[in-house]
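Colleague: Dumping the structure here so I can ask a few things about it.
The values are calculated or read from the model by the stated rules, or taken from the named source; none is laboratory data. Note that this is a predicted model, so its numbers are computed, not measured. As a convention, Cβ positions derive from the backbone with ideal geometry for all residues, glycine included, and neighbour counts pool all protein chains shown. Note: accessible area is taken over every heavy atom of the protein model, side chains too, but ligands, DNA and RNA are not part of it. Shrake-Rupley method; radii C 1.70, N 1.55, O 1.52, S 1.80 Å.
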Amino acid sequence: MTSAETFAIILAAGMGTRMHSETPKVMHQVAGRPAVDHVLAGLNDAGVTQSVVVIGPELESQSGRFAPHPTAVQRDRLGTGHAVKIALDETDISSNTVLIVYGDTPLLTSATIERLVELQRSGAGICLLAFRPKNPAAYGRLIVEGDQVDRIVEAADASPEELLVTLCNSGVMAVSGDKLATWVRSLKNDNAKKEYYLTDIVALARADGASCTFVEGSEDELAGINTRADLAEAERILQVRYRTAAMEGGVTLRDPESVYLSFDTEFGTDIEVGPFTVFGPGVSVADNVIIKGFCHFENAVIGRDAVVGPYARLRPGAAVDAEAHIGNFVEIKNARIEEGAKVNHLTYIGDARVGKGANVGAGTITANYDGFNKSFTDIGENASIGSNSVLVAPVAIGDGAITGAGAVVRKDVPADAIAITVAPQDNRENTAKRYKEARATLAAKKKAAPKNTDKGS
Ligand code: UD1
Ligand code: MG
């Protein structure tokens, strides 16, 4: 664990022009949460709890979402060096090590953060996290002499020879706390982009006689998100990580590549997940659950031994208790399906409770919204709801009660009662036969009649 002697500055103010988006780049979602939140979680796991997040003005109204971390607003985006300067101007930092992390680098792990900080502590003015990406493209290049980095040259300013360098800057660096401010305040913007590059502090540190070392990490951790394609690649890498962890923990994924997990998906053991299933944020699944594939879950809890899907949708607030069954084309929202209850076909259950052991017939709808208010439907234990019922909320079906098929239930049903709301059936003997004969005679007459061939003048 990295001690409280480390302070982190997270740069998250860039708009990310290459994303072509109204949403600031670092707020784009990866595996169920914004990229910058992955960075903050990685820092937290590494024991770095003191930090400041540099944000752009468009995120100012949401600065509370970063709590307990304070934010500093960079109004004119004059580059990564300028962003660090704003953080230093607005924050009282007295730590020995200042870690600078870019908010568009969500794959970074806590182990690597710890490794970097340790190396800087062994006497470096700056320790950089470097990597060798398959396509160095727009990354800054490390110009190295022996074990020292002389300077970083940004791709836009690099000579053709410098562009051949494959060792690139990940943007993550650990800097000596008592030197950082001096170096950052000496940055100039005489470069291709007319920006204050943070990366220029390397040359300044070297000129100051400080040591500047680097450690290499893997692209799977250090790739930055600058485009939508980068975003998709980051998603792919995180999904591989999460799927592997799930399988290692005792979950069978029939077709791992078609199962999408979130950063906080929680699994018990001996779970089976069929193909094409999406676990949005806030989902937990207990032991021995079978998920039959083609499902979509968000903020939902699935209890032990439950069977869900195929084609089930659990929306926020869905709680499927132990041994309950949720079948195909069933949508559950803000509702508890109690132990052993069955909701197996073509049904919407919203704002409701389905009591223990109850059975909900195919095509049942809880009519929970009248255009103004959401109301609650309570289905008692061991109740049986007939197929194609509409339960008009607020309404309560008592324990053990039955509703007839096709019922529109507007009044509470007492326990153990049967509620029938459709008109009694009237069987008219032989009328179907007579009707069919009449239609057949009509069709035959039409066929026999001479055709009108007059096409007009
Ligand atoms: C930066 C590095 C480059 C490195 C790459 C790694 C610089 C000058 N270049 O380039 O050497 O290889 O990251 O991914 O640092 N930001 C601000 N304010 C600004 C500009 C940027 O907060 O004025 C934030 C962005 O939100 C982003 C991070 O800083 O999270 C990096 O900015 P970005 O524009 O993505 O820099 P790169 O071109 O990727
Ligand atoms: Mg970037």
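Colleague: By DSSP, what percent of the beta bridges with both residues in the chain are antiparallel, rounded to the nearest 5?
Modeller: Details: 18 of 96 bridges.
Here the share of antiparallel DSSP bridges comes out near 20 percent.
Colleague: What order do you get for 214-224, 80-90, 146-156 when each peptide is scored by the mean count of other beta carbon atoms within 10 Å, highest first?
Modeller: On the way: 214-224: 19.4, 80-90: 21.9, 146-156: 17.0.
Put in order of decreasing packing, that is 80-90, 214-224, 146-156.
Colleague: Per the Kirkwood definition applied to all pairs of different Cα atoms, how many angstroms is the hydrodynamic radius of region 252-419?
Modeller: About 15.6 Å, per the Kirkwood formula over Cα pairs.
Colleague: Also, quick follow-up: When the helix-only estimate is applied to the chain (DSSP H runs of n ≥ 4, each -39,500 (n - 2.57), divided by the residue count), what is the mean residue ellipticity at 222 nm, nearest 500 deg cm²/dmol?
Modeller: Helix contribution divided over all residues of the chain: -6500 deg cm²/dmol.
Colleague: Turning to a different aspect of this structure: Whose amide H sits under 5 Å from the amide H of GLU216, counting only residues 5 or more places off or on another chain, with H placed in the peptide plane?
Modeller: Answer set, sorted by chain and number: ALA130.
Colleague: Pull up all non-local amide H partners of SER51: gap of 5 or more, or a different chain, and H-to-H distance under 5 Å with H placed in the peptide plane.
Modeller: Sorted by chain and number, the residues that satisfy this are ALA8.
Colleague: Counting only protein heavy atoms, what percent of the accessible surface of the chain is carbon or sulfur at a 1.4 Å probe? Show your work: numbers first, answer last.
Modeller: Values: 11270 of 22050 Å².
That share works out to 51 percent.
Colleague: Within 10 Å, count the other beta carbons around each residue, average over each peptide in 35-44, 433-442, and list them highest first.
Modeller: 35-44, 433-442
Colleague: For region 287-301, what does the Karplus curve 6.51 cos²θ - 1.76 cosθ + 1.60, with θ = phi - 60°, yield as ³J(HN,Hα) per residue in whole Hz, taken in order and with x for Gly and Pro?
Modeller: Each residue of region 287-301 in turn: 4, 6, 7, 10, 10, 8, x, 6, 10, 9, 10, 8, 6, 9, 10 Hz.
Colleague: Quick query: amide H of ALA358 versus all other amide H atoms, modeled in the peptide plane; which residues come in under 5 Å with a sequence gap of 5 or more or a different chain?
Modeller: Under 5 Å from the amide H of ALA358: ALA341, LYS342, ASN382, ALA383.
Colleague: Can you tell me the mean projection area, over all orientations, of the convex hull of the chain's alpha carbons? Units nm², please.
Modeller: Average of the hull's projected areas for the chain equals 37.3 nm².
Colleague: For region 160-297, how big is Rg over Rh, using alpha carbon atoms and the Kirkwood form of Rh?
Modeller: Working: Rg = 22.3 Å, Rh = 18.9 Å.
Using Cα coordinates only, the ratio equals 1.18.
Colleague: To make sure I understand the rule: partners must be lysines, Cα under 23 Å from the Cα of LYS292, and not fewer than 8 residues away in the same chain. Which ones qualify?
Modeller: Excluding near neighbours in sequence, the set is LYS333, LYS342, LYS356.
Colleague: I need the trypsin sites (Lys or Arg not before Pro) found in region 362-416, filtered to DSSP loop residues with at most 12 other beta carbons within 10 Å of theirs.
Modeller: Those satisfying the criteria are LYS411.
Colleague: In terms of Cα to Cα distance under 16 Å, which lysines are near enough to LYS446, apart from those fewer than 8 places away along the same chain?
Modeller: Within the straight-line cut-off, LYS446 pairs with LYS436.
Colleague: With a 1.4 Å probe and all protein chains left in place, how much accessible area per residue does region 153-304 have, in Å²?
Modeller: 45 Å²
Colleague: For region 69-78, what does the Karplus curve 6.51 cos²θ - 1.76 cosθ + 1.60, with θ = phi - 60°, yield as ³J(HN,Hα) per residue in whole Hz, taken in order and with x for Gly and Pro?
Modeller: Computed from phi, the couplings for region 69-78 are 7, x, 10, 10, 9, 9, 6, 9, 7, 9 Hz.
Colleague: Here is a follow-up. About its Cα centre, how strong a charge dipole does the chain have in debye, to the nearest 20, once Lys and Arg get +1 and Asp and Glu get -1 at the Cβ?
Modeller: For the chain, the charge dipole is close to 2880 debye.
Colleague: If I model a spin label as a point 7 Å beyond the Cα along the Cα-Cβ vector, how far apart are those points for ARG75 and ASP147 in nm?
Modeller: For the pair ARG75/ASP147, the computed spacing is 4.6 nm.
Colleague: Percentage of Cα-Cα pair distances in region 112-228 greater than 22 Å, rounded to whole percent?
Modeller: Of all Cα-Cα distances in region 112-228, 30 percent exceed 22 Å.
Colleague: Taking all pairs of distinct Cα atoms, average 1/r, flip it, and tell me the Kirkwood hydrodynamic radius of region 6-222 in Å to one decimal place. Display every interim value, and only then the final one.
Modeller: Working: mean 1/r = 0.0581 Å⁻¹.
Result for region 6-222 stands at 17.2 Å.
Colleague: Could you give me the ³J(HN,Hα) list for region 351-362, computed from phi with Karplus coefficients 6.51, -1.76, 1.60 and θ = phi - 60°, whole Hz, x at Gly and Pro?
Modeller: Per-residue couplings from phi come out as 6, 8, 10, 10, x, 3, x, 6, 10, 10, x, 4 Hz.
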